[in-house]
Structure formats: structure tokens, C-alpha cells
Amino acid sequence: NPYAGLVSHLRASWLSGKTRPMAYRIAQLEALGHFLDDKKQQILEATASDLGKAPFEAELSEIFLCKNELHETLNNLSHWMKDEQVDRTLAMQLDSAFIRKDPYGVVLIIAPWNYPIHLFLVPLIGAIAAGNCAIIKPSEVSKNTERLVAEVLPGYLDKDCFAVVTGGVPETTRLLENKFDYIFFTGSPPVGRIVMTAAAKHLTPVTLELGGKNPCYVSDTCDVTNVARRVAWGRFFNAGQTCIAPDYLLCTVEMQDKLMPALRKAIDDFYGPNPQESPDFGRIVSDKQFQRVQRLLGSGRVAIGGQTDAAERYIAPTVLADVLPSDPIMQEEIFGPILPIVVIADMDEAIDFINSQERPLAVYAFSSDDKVVNEVLERTSSGGFCGNDTLMHVTLTSLPFGGIGNSGLGTHHGKFSFDTFSHHRGCLKRGMGWEPLNGPRYPPYSQQKFGVIRATSKVTRKNDCTLL
């Protein structure tokens, strides 16, 4: 296997204990900060080449949010690393019981192409913070960013403990044949199944950050202008190539009629009368993806946009009206700048529809009535939830980010990243003396001995009255 030597080298470094001291972890994390600062312009240029990413969007999503994660981690790492003391029974009051946060060892991070810096760097922050060695596999689809990461990042990190591996499906397949101690994958559900199958051969734990079709319910009681702006921003940010973008709207036919002019105005306000000329609207990442997304324009009725330019991989911000659940666009994650609207009779029908689908990465609900938003939250299941906005829940380092069911397994961001890459090791340390206290647990057994054990080791319910 072409990567066996690399994995062995990193494992030897990890076994040496090199990554465990807090000072080492902080130095490597600060080096990631220097990478973001020093290479900011190259990052903006690479993401612009790969995705036509506007500098504002790239700086926000690829640099600023990563710096937030970095600062949150550096601010709290000493606290997160401390042993966590736990409650003890009466029989163990003289002992020490705690949870030790151990690193897993050598971890693999496989990143996608849509946010090619953010989606490898945020997990890497957690992996380093937890004391692991790591191999990073950036996506070959965003080729300019892949080249930048492969050529530049190793110069900032300890080469004995961190490495970048490049290549496509064949290389990733061979890489996954190796035994890792943890695998963190971001991508599609079909590839997630392949990764999980490979991990199962070594009983390697995984986090899978997948995608899906994120529903967005708009009730009849809402500020239509605000809804249109917030939904249009979330759907068309990064040309719709966002795993938590609202994938489709659910609303009544009356609300569809009200939303259409508001969405048209929002798109015009954001990108001008011809979005193809806007410096703030991105492009589809590849010809293959362009052709896939373009085919989805045949569903429903094009109410806004619909223009395409294969030479530029440009698809206009598009809204489709009167889309049926059976239409092709409702059978897969769109991952492009198209917003279908599915008409429903009321909130109950919207919730039933959401619950009839695979569980999504995010559910969105808009209403001026907080009871409506709460009811959608209560009666649905998803990786995350955002009421009266889109995407914004992902910007908080204090919230876990991750999927459920078809949309993923496990979470990260902030302390959740540290916990994901840490093995929570239950530890008990007892003294060598006081041996008579252990007598009741040794044979020969008796009911009297059991009574002593029960009295000293019992966990009682609160407000439970015990008669002595």
C-alpha cells in the first residue's frame, strides 16, 4: 500500500507522546492561524478559480469562521484537556474517579470541494486540539485549492505528525485500506457509505458529515420581504453549493404567489439585473456538476432565472414554481442555485412531508408566530434547526454541527470538535490500603455482605425516602 509507510511514520510519532503536551498543541494551532493570515490572498484566488467565489464569501466562510473556531479552541483548550471529576458512591469516597480526554491516535480527514479550506481546517483544529496526528485529504475537484493546501500547509505544521495526501478516487480508496484510529469524512451519503464500510474493516470510529434535502417551511404569517432575502441569501451563497442550504420551500399557493415578486426583488438587489455579471455570484465547480444541475431545471415551472452558460459553468439564481414531490429535482440534493417551491395545504401537511423524507442536515421554518416555529422544531428531526433564517446556526462555535440518519453521524465545531477527536476514558484510582473495606465483596458471600455493599454503593433516586 503506497500510504502504509506514511501512516506508520505518523503512528510512531504519536506513540512517542509528541502531540500530547498542551504547549505542542497550541503551537500547531497557532501555526494554522499563521497559515490563514499569510496565505489569505492565495486562498481567495484559489477559491475564486475553483468556484468563482466572491472575495466576501470566501473570506467569511473560508477564513473568518475558521479563525473563530481557532480562537474558541485556543481560549478554552486548557479547560477542555483537564480531567473531568465525576460523582462517587459512599464506598469510593476515598478514591479518585475521573474522565481522561485521550487522543485517538492517527486520524484521517477527508474534505469536500465546496468549502475546500473550511471543511478540512475546522476538523483539523479539533484533531490537533485533542492531541492526534492527522492525514488531510483535500478534494481533487477544487484543484487549485488542493494544490495550495498540498504545497503550502506542510510548511506550517510538524511534518512528523501531519501530512497532506492528494489524488482522486483511486488514491482515496488505497488510503482507506490503512488502519486509522478515527476517520472524519465530509461529502455525500453514497460516498459516506463507502468510507464507513472501509472503516468497519478496522473497527475504526467515524464522523460522517453528509448532506441531503433541507426543507424550508414558510407559514402564511410572516414578513415576506425578510423571508425572501434570508432564503435567497442562504440558497444562492456559493452558487447554492452548500450542504446546509435550504433545498426546497414548502408553502401554500397563496404564499408562493406573494414570495415570487419578493424573491425576484431580492435576487435583483443582491446580484443586479444580470447575475452573470455580478462579482458576488459564484460558478458551478466542474462541467460534470454543471450538467447535473442543469438537468434539474426541467422540473416544475421556471418562475425566476433559468439562464445557463456552459462555457462559464454559470447557472442563474433560479426559482421553480409548482414543483411536484415526484419531480427529478426532489429526488436528489440540488447543490446548485435552484430553489424549488412545493405547494402544501398547511403546516401539518408540510411537517408530514418533511417526516416522509430522509432526515436532513437542517430544517428551516419561517413564521411571525413563534408557536409555529416551535411546532416545526418539535415535530421534525434533523441535524440542526434554524428558525426565521438560513445558514446562520452554523456560524456559532457553541452549537454542535452534524447530521442524523442519512445526513450524517457525529458532530463537530468548538468543544464538540475536541470531544469528537478525544476518547473519553473512564478512570478509577484506588489506594492500596484500607483492605478491610473490600471484605464484603469477597467470598464466601452472604446476605449480610450484600446488604453492606448495597448500602454503600447504591445510587438513589432524588426525593427517594429510605427507612433505616
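Does residue 184 count as surrounded by 24 or more Cβ atoms within 10 Å (Cβ to Cβ) and closer than 29 Å to residue 332 by Cβ?
It is true that residue 184 is surrounded by 24 or more Cβ atoms within 10 Å (Cβ to Cβ) and closer than 29 Å to residue 332 by Cβ.
Assess whether residue 31 counts as being surrounded by fewer than 19 Cβ atoms within 10 Å (Cβ to Cβ) and assigned by the TED database to the domain that holds residue 137.
For residue 31, the condition - surrounded by fewer than 19 Cβ atoms within 10 Å (Cβ to Cβ) and assigned by the TED database to the domain that holds residue 137 - is met.
If only one of 382, 398, 407, 417 is open to solvent by 20 Å² or more (accessible area, probe 1.4 Å), of a type in the set (Gly, Ala, Ser), at negative phi and out of contact with any strand residue (DSSP E or B) (no Cβ under 8 Å at 6 or more places or on another chain), which one is it? Steps first, answer last, please.
Values: 382 fails: out of contact with any strand residue (DSSP E or B) (no Cβ under 8 Å at 6 or more places or on another chain); 407 fails: open to solvent by 20 Å² or more (accessible area, probe 1.4 Å); 417 fails: open to solvent by 20 Å² or more (accessible area, probe 1.4 Å).
Residue meeting the stated conditions: 398.
Since residue 335 meets every condition but one in (1) under 19 Å from residue 242 (Cβ atoms); (2) open to solvent by less than 30 Å² (accessible area, probe 1.4 Å); (3) hydrophobic (A, V, I, L, M, F, W, C), which condition does it not meet?
Among (1) under 19 Å from residue 242 (Cβ atoms); (2) open to solvent by less than 30 Å² (accessible area, probe 1.4 Å); (3) hydrophobic (A, V, I, L, M, F, W, C), residue 335 violates only (2).
Just to be sure before I move on: is residue 325 in a loop (DSSP other than H, G, I, E, B) and either more than 26 Å from the chain's Cα centre (by Cα) or at pLDDT below 95 (or both) in the structure I sent?
yes
Among all residue pairs at least 6 apart or on different chains, which show Cβ distances below 8 Å where the first residue, located in region 79-98, is touching a residue at least 24 places away in the same chain (Cβ under 8 Å) and the second is part of a helix (DSSP H, G or I) and among the aliphatic types (A, V, I, L, M)?
Final answer for the pair search is 80/129; 81/22; 90/455; 91/437; 91/453.
Being open to solvent by 10 Å² or more (accessible area, probe 1.4 Å) and outside any strand (DSSP E or B): is that true of residue 91 here?
Judged against the criteria, residue 91 is a match.
How about region 178-243: which strands (runs of 3 or more DSSP E) wholly inside it have at least 1 residues that are touching a residue at least 40 places away in the same chain (Cβ under 8 Å) and within 21 Å of residue 264 (Cβ to Cβ)?
Answer list for region 178-243: 215-218.
Taking the condition open to solvent by 10 Å² or more (accessible area, probe 1.4 Å), assigned to a loop (DSSP other than H, G, I, E, B) and either assigned by the TED database to the domain that holds residue 69 or among the hydroxyl-bearing types (Ser, Thr, Tyr) (or both), does residue 159 pass?
Yes, satisfied.
The values are calculated or read from the model by the stated rules, or taken from the named source; none is laboratory data. Keep in mind that what you see is a predicted model, and the values were worked out from it rather than measured. FYI the Cβ positions are ideal-geometry reconstructions off the backbone, even for glycines, and counts take in every protein chain you see. The area values use the complete protein model at the heavy-atom level, side chains included, leaving out ligands, DNA and RNA. Shrake-Rupley method; radii C 1.70, N 1.55, O 1.52, S 1.80 Å.
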